[in-house]
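Chemist: Next up is a structure, given as structure tokens.
Values quoted throughout were computed directly from the atomic coordinates according to the rules given, and no laboratory measurement underlies them. Bear in mind that the values here come from a model prediction, so they are computed numbers and not experimental data. Note that we place each Cβ from the backbone using ideal geometry, even for glycine, and neighbour counts take in every protein chain shown.
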Amino acid sequence: MPKALIFMLKLCLAVGGGHFSPLVRSRAAIVLSRALKARGGTHVCSVASTTVGTPAEGKSRSALDEIDKDGRFVRTPSLFRDKISSEPGARFPPAKGRYHLYISYGCPWANRCLAALNLKGLRDVVGLSVVHPTWQSTSAEDEHKGWVFRSPNDPAVSSPSGMGSFDCKGCVPDTVEQAASIRELYEKAASALKEKGLGDGNPGKKFSVPVLWDKEEGVIVNNESEEILRMFNSEFKDFEESAGDSIDLCPSNLMSKIEAVNSWVYENINNGVYRCGFAKTQLAYEEAIESLYKNLDKAEEILSKQRYLCGSRLTEADIRLFMTLVRFDEVYQVYFKCNKKAIADYPNLRNYCRDLYQTNGIGDSINMDHIKTHYYTSHPTLNHYAVIPAGPGVIEDYKQPHDRDRF
């Protein structure tokens with residue numbers, strides 16, 4: 001894309017809301033994100049509101065607000081897209097102790113980054129903080145609910161609607177910036193960039209995880225899970241020998257196959273369950289549920305012939321699919337109305353989940369208590385009383401012997 005066009009898109013995002021409509025700004029953000037990704041992931045310093053439908057422009061928002069005029073869930077792109085690179089002169093070179101990862105066990109996108117961190121043996125190289133699974137108020141200035149930090153022994157919290165009592169076990173506070181919320185990190189990063197002349201101080205309106213933080217500059221390096229996963233896979237090789245055994249999740253000879261699998265898995269399964277759960281019209285739901293099960297059937301068929309999605313070895317494609325499958329029967333089947341079939345009804349997918357869960361580093365990244373607590377307590381419009389269903393107990397099932405070594 002020509003530099004002049006990229007400049008105009010940035011200008012559209014940077015100027016005040018009165019100049020461009022929310023829809024125009026949303027489209028500009030999406031096009032710019034894709035263009036920058038193609039050019040290598042240049043960081044977008046000033047992120048304007050990219051609201052698709054509600055809420056009103058200027059209001060902080062969550063994924064529940066990303067609904068188009070036809071009631072379809074439309075996920076907006078991540079816009080912090082710098083890279084840790086081992087190239088000479090890189091702004092963010094790999095280094096032990098310099099970077100910190102902020103996640104929620106509840107979020108499948110963040111969870112995949114933790115799994116990669118574990119698989120690559122980098123837990124002593126990159127720091128980790130874990131938010132509370134139940135969204136809370138993030139500012140006295142608006143009604144935004146989002147990710148907040150707690151210490152394990154802090155008092156229990158209630159849902160955004162004031163229901164229930166949910167303890168803080170498994171939480172890891174922010175030991176780097178001592179932030180109270182993920183939102184505060186976005187605001188700190190925007191302020192730091194502004195001081196460097198790299199932005200206008202606007203932190204954006206969506207405050208998501210994962211967040212990969214640079215302690216040295218006090219900024220967000222990246223908040224796109226796919227890119228964070230790949231940075232962990234490729235850019236810390238000098239630390240892998242001392243950090244532990246390693247695995248290449250993105251082997252060059254399989255990259256075209258990995259990209260092809262990721263494309264249909266993301267659109268129809270990873271994001272597909274959200275398109276079902278957040279749909280606000282019957283048509284939007286029916287479109288999403290049809291494509292979801294069509295592609296679950298496709299995955300089942302592939303896994304009837306080979307151990308992993310791309311052949312005989314574990315890749316990032318498997319981690320990405322697994323993070324949806326492990327949540328499916330406990331959450332999505334009930335909460336997101338994905339109830340035509342359970343993963344337990346698919347013999348190959350079920351054994352595949354057992355295989356991956358029992359892989360060192362992957363099962364260790366799963367906290368089902370946090371997963372269920374997040375979904376069932378954070379969205380009052382979907383579950384006002386924050387009652388958490390008992391569920392089928394998939395973790396115990398995934399500890400049982402599998403048949404995947406038949407391949």
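Chemist: Considering only lysines 8 or more places apart in sequence, or on different chains, count the pairs in the stretch 107-225 whose C-alpha atoms sit under 22 Å apart.
Modeler: So the count works out to 15.
Chemist: Which one, Ile289, Tyr308, Asn223, is farthest towards the positive end of the dipole of the stretch 180-324 when Lys and Arg carry +1 and Asp and Glu -1 on their Cβ?
Modeler: Result: Ile289.
Chemist: So if I take the centroid of the Cα atoms in the stretch 152-171 and the same for the stretch 85-150, what is the distance between those two points in Å?
Modeler: 20 Å
Chemist: Which length gain, in nm to one decimal place, applies between Glu143 and Lys305 when the Cα-Cα distance is subtracted from 0.36 nm times their residue separation?
Modeler: Extending this stretch completely gives an extra 53.3 nm.
Chemist: Please report the relative contact order for the stretch 252-384, taking Cα pairs under 8 Å with a sequence separation of at least 6, and give it as a percent rounded to a whole number.
Modeler: Numbers: 112 pairs, mean separation 31.1, N = 133.
Rounded, it is 23 percent for the stretch 252-384.
Chemist: Dipole size in debye (nearest 20) for the stretch 270-407 around its Cα centre, Lys and Arg Cβ +1, Asp and Glu Cβ -1?
Modeler: Roughly 180 debye, rounded to the nearest 20.
Chemist: Taking N as the number of residues in the stretch 280-345, what is its Cα Rg relative to 2.2 N^0.38 Å?
Modeler: Compactness ratio reported: 1.21.
Chemist: Follow-up. Grab the beta carbon distance between Glu259 and Ser151, set R0 = 41 Å, and tell me the FRET efficiency rounded to 0.05.
Modeler: After rounding, the FRET efficiency stands at 0.50.
Chemist: Give me the percent relative contact order of the stretch 325-407, please, defined on Cα pairs under 8 angstrom at least 6 residues apart.
Modeler: 38 percent
Chemist: In nm, to one decimal, how far is the modelled label at Lys237 from the one at Glu87, with both set 7 Å along Cα→Cβ?
Modeler: 1.6 nm
Chemist: Using 7 Å Cα-to-Cβ label points, what is the Gln358/Glu290 separation (nm, one decimal)?
Modeler: 3.9 nm
Chemist: So, one more: Between Ser158 and Asp70, what FRET efficiency comes out of the Förster formula 1/(1 + (r/R0)^6) with R0 = 30 Å and r the beta carbon distance, rounded to 0.05?
Modeler: 0.30
Chemist: Let me ask something else about it. Explain nothing, just the number: relative contact order of the stretch 180-314, from Cα pairs under 8 Å at least 6 residues apart, as a whole percent.
Modeler: Rounded, it is 13 percent for the stretch 180-314.
Chemist: Also, quick follow-up: Rank-order 308-319, 97-108 by packing density, defined as the average count of other C-beta atoms within 10 Å over each peptide's residues, highest first.
Modeler: Highest mean packing first, the order is 97-108, 308-319.
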